[in-house]
Amino acid sequence: PRLATGPPTPTAPRDGALSVTIVAPDPETSAELVGGWAPHQTQRLANVTRHGFAHIDDGKEALPQHISPLCVIVTLTMHQITYTAGTPGLPADMPPEVVACAQRALEEDIGSGDVTTNSIISPESSMSGQIIAKQVGVVAGLDVAQLVFRLMDARVAFTPRVAEGARVENRQVLATISGPARALLTGERTALNFLGRMSGIATLTRQFVDAVTGTRARILDTRKTAPGLRALDKLAVQRGGGLNHRIGLYDMVLIKDNHIDHAGSLAEAVRRARAAAIGLEIEVEARTLDDVQSALDLHVQRILLDNMTPQMMRQAVQMTAGRARLEASGNVTLENIRQVAETGVDFVSIGALTHSARVFDASLDWAGANV
């Protein structure tokens, strides 16, 4: 599922129209970026949508469909919004949370400036290099690494040499990169941090996915992600072959033991959730087989089997007989995942995918510099 709905909507002036300036990074790319509009051309707009697309009074879009709103920076100053069109080469479907993560990470690392690089490296210097895998594993996050460098400088050339989710060998070239030396050196650690974390998660996820091959079980992640990095962690799980469970507390009703205890019973907790008329899928946590039967009697369509033994899981599968989807959860490891999957459950959720994955080892080897 998509992880977000786009940037916040700016507040329009009372007349319901806004002035918008389209700003391309340079005149040579303006035609490609803004459909032939000249840089800094201003138009009067009728409205601005949540996704950053604006419609001119005559109905034409201020930003053509091939411009990703995720690569558009919106600044509201009084009654004017300035859109800085994204640079070519950025993934058009990258979730806005990922872009925000990259921006925050760069701000955290750079602060007021890279004092070492800026003191030693001239602005005119350029360099090139390769991102090299230093272990066997599954790659995820090359596009995020690319995003980091492109946020540093639009002139950076980044070419992936393997696909997202590909298995790679030790010393295999993952990407080649060239561009302004200051941008590359300043963005290097942030880019490798993202690549290492995401590839580590993807590698561990693929190990679990491979372990359940031939069963009906699908591997799910959980909300046990690094604070502020959930979009990246869950994207990495997808690229490792796993599925995302709920993204947050807002997109699924998951009634757990504390909710049941406060409501007084499972039946009352389900009744309250349904009475709220939220319209979302409801999953309930079952600690015993009696809980499973109660959930089935309530026609709940998804049941989480919490810390049940494989024998209990098999009994739950037999009781359910396809009337609900079953998710096993709790203390699942690579050593016991096959036994859990062979009970016949539909899903196995594993917090370790995102909270215990070992960082994938990769390095950026520089080939040379042009001062």
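The values are calculated or read from the model by the stated rules, or taken from the named source; none is laboratory data. On a predicted model such as this, the values are computed, not experimentally measured, just so you know. In this analysis, Cβ positions are derived from the backbone assuming ideal geometry, glycine residues included, and neighbour counts consider all displayed protein chains.
Return a yes/no flag: does the stretch 351-364 have any residue that is assigned to a helix (DSSP H, G or I), in contact with a Ser or Thr (Cβ under 8 Å, 6 or more places away or on another chain), of a type in the set (Val, Ile, Thr) and within 30 Å of residue 161 (Cβ to Cβ).
yes
Return yes or no: is residue 247 at pLDDT 95 or above and either within 25 Å of the chain's Cα centre (by Cα) or of a type in the set (A, V, I, L, M, F, W, C) (or both)?
Against the criterion (at pLDDT 95 or above and either within 25 Å of the chain's Cα centre (by Cα) or of a type in the set (A, V, I, L, M, F, W, C) (or both)), residue 247 does not qualify.
For the stretch 232-250, give me the residue count where each residue is surrounded by 14 or more Cβ atoms within 10 Å (Cβ to Cβ) and under 18 Å from residue 304 (Cα atoms).
Here the count works out to 6.
Determine whether residue 193 is not in a helix (DSSP H, G or I) and not small (Gly, Ala, Ser).
no
Would you check which residues across the stretch 286-299 are surrounded by fewer than 23 Cβ atoms within 10 Å (Cβ to Cβ) and either of a type outside the set (Ser, Thr, Tyr) or touching a strand residue (DSSP E or B) at 6+ places or on another chain (Cβ under 6 Å) (or both) and list them?
287, 289, 290, 291, 293, 296, 297, 298, 299
In the stretch 101-149, how many residues are surrounded by fewer than 18 Cβ atoms within 10 Å (Cβ to Cβ), in contact (Cβ under 8 Å) with a residue 60 or more places away in the chain and more than 20 Å from residue 182 (Cα to Cα)?
Residues in the stretch 101-149 being surrounded by fewer than 18 Cβ atoms within 10 Å (Cβ to Cβ), in contact (Cβ under 8 Å) with a residue 60 or more places away in the chain and more than 20 Å from residue 182 (Cα to Cα): 3 in total.
With respect to the numbered conditions (1) under 30 Å from residue 189 (Cβ atoms); (2) surrounded by 13 or more Cβ atoms within 10 Å (Cβ to Cβ); (3) in contact with a Gly (Cβ under 7 Å, 6 or more places away or on another chain); (4) at pLDDT 95 or above, which one is the sole condition not fulfilled by residue 366?
Result: residue 366 fails condition (4) only.
For the stretch 297-344, how many residues are part of a loop (DSSP other than H, G, I, E, B), closer than 25 Å to residue 223 by Cβ and either touching a helix residue (DSSP H, G or I) at 6+ places or on another chain (Cβ under 7 Å) or not β-branched (Val, Ile, Thr) (or both)?
Adding up the residues that qualify gives 13.
Is it the case that some residue within the stretch 142-157 is assigned to a strand (DSSP E or B) and in contact with a Ser or Thr (Cβ under 9 Å, 6 or more places away or on another chain)?
Yes, the stretch 142-157 contains at least one residue that is assigned to a strand (DSSP E or B) and in contact with a Ser or Thr (Cβ under 9 Å, 6 or more places away or on another chain).
Count, please, the residues in the stretch 318-329 that happen to be surrounded by 14 or more Cβ atoms within 10 Å (Cβ to Cβ) and either within 20 Å of residue 255 (Cα to Cα) or of a type in the set (Gly, Ala, Ser) (or both).
7
Any idea which of 270, 300, 371, 345 is more than 30 Å from residue 135 (Cα to Cα), at pLDDT below 95 and of a type in the set (A, V, I, L, M, F, W, C)?
371
For residue 194, are the conditions met, namely being within 19 Å of residue 123 (Cα to Cα), of a type outside the set (Asp, Glu), touching a helix residue (DSSP H, G or I) at 6+ places or on another chain (Cβ under 6 Å) and crowded, with 24+ Cβ neighbours inside 10 Å?
Spelling it out, it is not the case that residue 194 is within 19 Å of residue 123 (Cα to Cα), of a type outside the set (Asp, Glu), touching a helix residue (DSSP H, G or I) at 6+ places or on another chain (Cβ under 6 Å) and crowded, with 24+ Cβ neighbours inside 10 Å.
Just a yes or no: is a residue in the stretch 311-329 under 28 Å from the mean Cα position of the chain (by Cα) and at pLDDT below 95?
Scanning the stretch 311-329 turns up no residue that is under 28 Å from the mean Cα position of the chain (by Cα) and at pLDDT below 95.
Looking at the stretch 169-190, can you tell me whether even one residue there is under 17 Å from residue 95 (Cβ atoms), assigned to a helix (DSSP H, G or I) and under 18 Å from the mean Cα position of the chain (by Cα)?
No, the stretch 169-190 has no match at all.
In the stretch 242-279, which residues are in a loop (DSSP other than H, G, I, E, B) and in contact with an Asp or Glu (Cβ under 8 Å, 6 or more places away or on another chain)?
Selection gives 242, 244, 245, 252, 256.
Are any residues in the stretch 210-244 within 19 Å of residue 346 (Cβ to Cβ), of a type in the set (A, V, I, L, M) and under 13 Å from the mean Cα position of the chain (by Cα), and if so, which ones?
237, 243
Out of all the residues in the stretch 212-219, is one or more under 22 Å from residue 280 (Cβ atoms) and touching a residue at least 24 places away in the same chain (Cβ under 8 Å)?
Taking every residue of the stretch 212-219 in turn, at least one turns out to be under 22 Å from residue 280 (Cβ atoms) and touching a residue at least 24 places away in the same chain (Cβ under 8 Å).
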